[in-house]
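Structure record follows, encoded as structure tokens.
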Amino acid sequence: MSPDPSARQAAIPSSVRGSLDAALQPLAPRTRTGAGFVLLERVSSTMDAARELANLDLRLDGLVVLADLQEQGRGRLARSWLAPVGSGLTFSLVLRPRAGESQQLWAMAGGGVAAGLQRLGVEAGLKWPNDVVVAGRKVCGILVEASWSGNAPQHALIGVGCNVNLDPDRVPAIAPLATSLSRELGHFVPRLRVLEALLDGLSEARRMLGRDPAELLRRYREVSVVRGRRVIATGGGGPPLRGEALDIDEHGRLLLRDEAGTIHRLSVGEVSLAVPPG
Ligand code: BTN
């Protein structure tokens, strides 16, 4: 990728080109390679825009694609991601993992975002697989998508949606299960400050991805709010499973011991705590 920012910007197709907001530029070193930011006013999903950029093969490792409004923001399990304009942060981080680095992108993403929020003084935990929660309510969602050529990773996209100054009670679809940083901290939270903290957390996790995956996994487990708890797992294709969440393995699978003592390794789905926190 060209080191010259204006050449880089010119190489970005007009369909996804946004204004590079000057306020964001001091944060560029936090994108690890200094690849910078693309700030879009309105987009279907930052995942689509980020993929389009990543497919250009511009070595955009570390590029952050942000949008003020996503018209079709998406979540895991074919859900949508709703974020009223200005209420949160929605971005996708483009990574070019090296061989062997793709296995633990899930731990890098979850651990990195949780660590970022902790820098803001929020007690963030991870509800398997990658819901970032505070006191049992979701504050950020994470979507990881990777593109492969045979066994070689081409690029990975880490999509993060974070409720910053959202009043969840005003969004009935998410009200009972969601929270926001302003609600947890009790005051307005500048979005730039949140972006800074999240990128710091993600950059540190990115450094660990190739060097010390065991440490990445340890950090993920440390903030897991489901390990050792009684849970109900759904969304894996079968009937709901009740049991104890024993652990999360190195592939990101949840080890769940059901009431008959059988141990299941779940790779897809979600869990709710059988006994809510509190
Ligand atoms: C989930 O919890 O189900 C994951 C939600 C991920 C939402 C983010 S917002 C930025 C990026 N663009 C999307 O369309 N989705 C992710």
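The values are calculated or read from the model by the stated rules, or taken from the named source; none is laboratory data. Here the structure is a predicted model, which means the values were calculated and not measured. Neighbour counts run over all protein chains shown; Cβ positions are idealised from the backbone, glycine included.
Of the candidates Ala78, Ala83, Ala54, Ala35, the single residue that is more than 10 Å from the ligand (Cβ to nearest atom) and either at pLDDT 85 or above or charged (D, E, K, R) (or both) is Ala54.
Okay, residues lined up against (1) within 13 Å of the chain's Cα centre (by Cα); (2) buried (at least 22 other Cβ atoms within 10 Å of the Cβ):
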| position | (1), (2) |
| --- | --- |
| Ala115 | yes, no |
| Pro129 | yes, yes |
| Gly136 | no, no |
| Val139 | yes, yes |
| Ala156 | yes, yes |
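In the range 48-80, the residue that is surrounded by the fewest Cβ atoms within 10 Å (Cβ to Cβ) out of those that are of a type in the set (A, V, I, L, M, F, W, C) and farther than 20 Å from Val38 by Cα is Ala78.
For the residues Glu250, Glu222, the requirement of being within 20 Å of Val144 (Cα to Cα) and out of contact with any strand residue (DSSP E or B) (no Cβ under 9 Å at 6 or more places or on another chain) singles out Glu250. Among residues of the range 135-150 that are touching a residue at least 60 places away in the same chain (Cβ under 8 Å) and within 16 Å of the ligand (Cβ to nearest atom), those with a Cβ under 9 angstrom from a residue that is of a type in the set (Lys, Arg) and assigned to a strand (DSSP E or B), sequence gap 6+ or separate chain, pair up as Gly136/Lys127; Leu143/Arg74.
Filtering the range 100-111 to residues that are crowded, with 23+ Cβ neighbours inside 10 Å and under 14 Å from Asp212 (Cα atoms) leaves Gln104, Leu105, Ala107, Met108, Gly111. Of all the residues in the range 115-134, those that are touching a Phe, Trp or Tyr at 6+ places or on another chain (Cβ under 8 Å) and not polar (S, T, N, Q) number 2. For the range 57-75, a residue qualifies if it is closer than 18 Å to Asp200 by Cα and within 13 Å of the ligand (Cβ to nearest atom), and the qualifying residues are Val64, Val65, Leu66.
Leu256 meets all of the listed conditions (1) crowded, with 17+ Cβ neighbours inside 10 Å; (2) of a type in the set (A, V, I, L, M, F, W, C); (3) out of contact with any His (no Cβ under 6 Å at 6 or more places or on another chain) but one, namely (3). If you go through the range 85-96 and keep only what is in a loop (DSSP other than H, G, I, E, B) and in contact with a Leu (Cβ under 7 Å, 6 or more places away or on another chain), you end up with Val85, Ser87.
Go through the range 155-226 and tell me which helices (runs of 4 or more DSSP H), entirely inside it, have 3 or more residues that are modelled with pLDDT under 95 and of a type in the set (Asp, Glu).
Those helices (runs of 4 or more DSSP H) span 191-211.
Residue count for the range 49-78, restricted to those that are outside any strand (DSSP E or B) and under 15 Å from the mean Cα position of the chain (by Cα): 7.
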